[in-house]
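Here's the structure, in structure tokens; my notes come after.
Any read-out appearing in this document is the output of simple, stated calculations on the displayed coordinates, not a laboratory observation. The structure presented is a predicted model; accordingly, all values stated were derived computationally and were not measured. Counting neighbours? That spans all protein chains shown, and the Cβs are built from the backbone with ideal geometry, glycine included.
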Amino acid sequence: MSTQESVQASGLQATSTQVRANAERERRRAARRRMAIFYGVLLAVAMVAPLMVYPVFLMKLLCFALFACAFNLLLGYAGLLSFGHAAFFACGGYITGYMLSTYSGLSTELGILVGTLASTVLGLIFGLLAIRRQGIYFAMITLALAQMAFFVFVQAPFTGGENGMQGVPRGYLLGLFDMQNNMALYYFVLTVFVIGFAIIQRTIHSPYGQVLKAIRENEPRAISLGYNVDGHKLLAFVISAALTGLAGSTKTVVFQLASLTDAHWHMSGEVILMTLLGGVGTILGPIVGATVVVTLQSSLSSGPLGEWVHVILGVIFVLCVLLFRSGIVGWVERLIKRNFK
């Protein structure tokens, strides 16, 4: 082959590579546009939803959806299974309830902020104690620490013990908007959820999120590449704990109640069920899982099957594991990729 032909071949190869790169960039832009439109539609539906559905039920759903999304950040993207997330959920709720009940002039957002900060500190303490362990050992340590927190909540004088903290005032948002109005409170809770969800999505798609995925897939290789694995996992744990506390704080304001139910290990199991049911490691999976679980609990608890709610949820979970191992959203994504390439 002559020199001129070699140059032409190299030029054609470079052009082909550039074309493929441009096509890939355009495909990614189109995917981002589709996702932006999809999220916009979901937000529009959420904005008008309280006109058709009881706002308190929707607020409960949003609180648990944020809880599940925060847990999914840890399990789905860092590969850490925590059995103690109920401690952060309850900590945020109790501290927010205490602040709003004790300081009558405190605005709603400040009470929630203090509760979230308390859960962040608790998450840092738990993380420092547990993060160097892996697998079942990590899970058992988080469960043990959460049980210790549960007994602290039982004994602490400000929590109300087994009676819980009742009659928590909702306060005034920014000192101006009365949160006793369910519609006003709903849009505040929706705003809190959107902010929390945006933080999670930004974390996942950031370079830090890519490192988390690498640690999840092959931790020894991530260590060999020079990444501070324990530091990355600790940060993920703290972010997850903070957003979990935010969900618990918001729930306490909605129901004006903080109880031991939020701190019990059953609550940790419930959020695991929501995440696995919707799809671990997917953006929308925890939201779908929380919607299914909360809807079933609300619809069945007032009917003749009220005593069988946990049995029914258990059966659904087993069927999901057997038939939809990647969760509802994961199964739908695979179906779309298989039929609409």
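Taking square-rooted eigenvalues a ≥ b ≥ c of the alpha carbon gyration tensor, is segment 198-314 rounded, prolate or oblate, where a/c under 1.5 means rounded and, failing that, a/b exceeding b/c means prolate? Taking the square roots of the gyration eigenvalues as a ≥ b ≥ c, segment 198-314 is prolate.
Grab the beta carbon distance between Arg133 and Ile195, set R0 = 45 Å, and tell me the FRET efficiency rounded to 0.05. So the FRET efficiency works out to roughly 0.90. Across the chain, Cα-Cα pairs more than 28 Å apart make up 47 percent of the total. Label positions at Ala36 and Leu176, each projected 7 Å from the Cα along the C-beta direction, are separated by 2.9 nm.
Taking 7 Å steps out from each Cα toward its Cβ at Ile125 and Leu43 produces label points 3.8 nm apart.
The mean sequence distance of close C-alpha pairs (under 8 Å, at least 6 residues apart), as a share of the length of the chain, puts its relative contact order at 28 percent. With the helix formula -39500 (n - 2.57) applied to DSSP H stretches of n ≥ 4, the chain reaches a computed 222 nm mean residue ellipticity of -25500 deg cm²/dmol.
The H on the amide N of Leu106, modeled in the peptide plane, is under 5 Å from the matching H of no residue at least 5 residues off or on a different chain.
Using per-residue counts of other Cβ atoms within 10 Å, averaged over each peptide, order 145-152, 223-230, 284-291, 114-121 from highest down. Intermediate results must be reported in sequence, preceding the final value.
On the way: 145-152: 17.5, 223-230: 12.6, 284-291: 25.2, 114-121: 22.2.
Most protected by this proxy first, the peptides run 284-291, 114-121, 145-152, 223-230.
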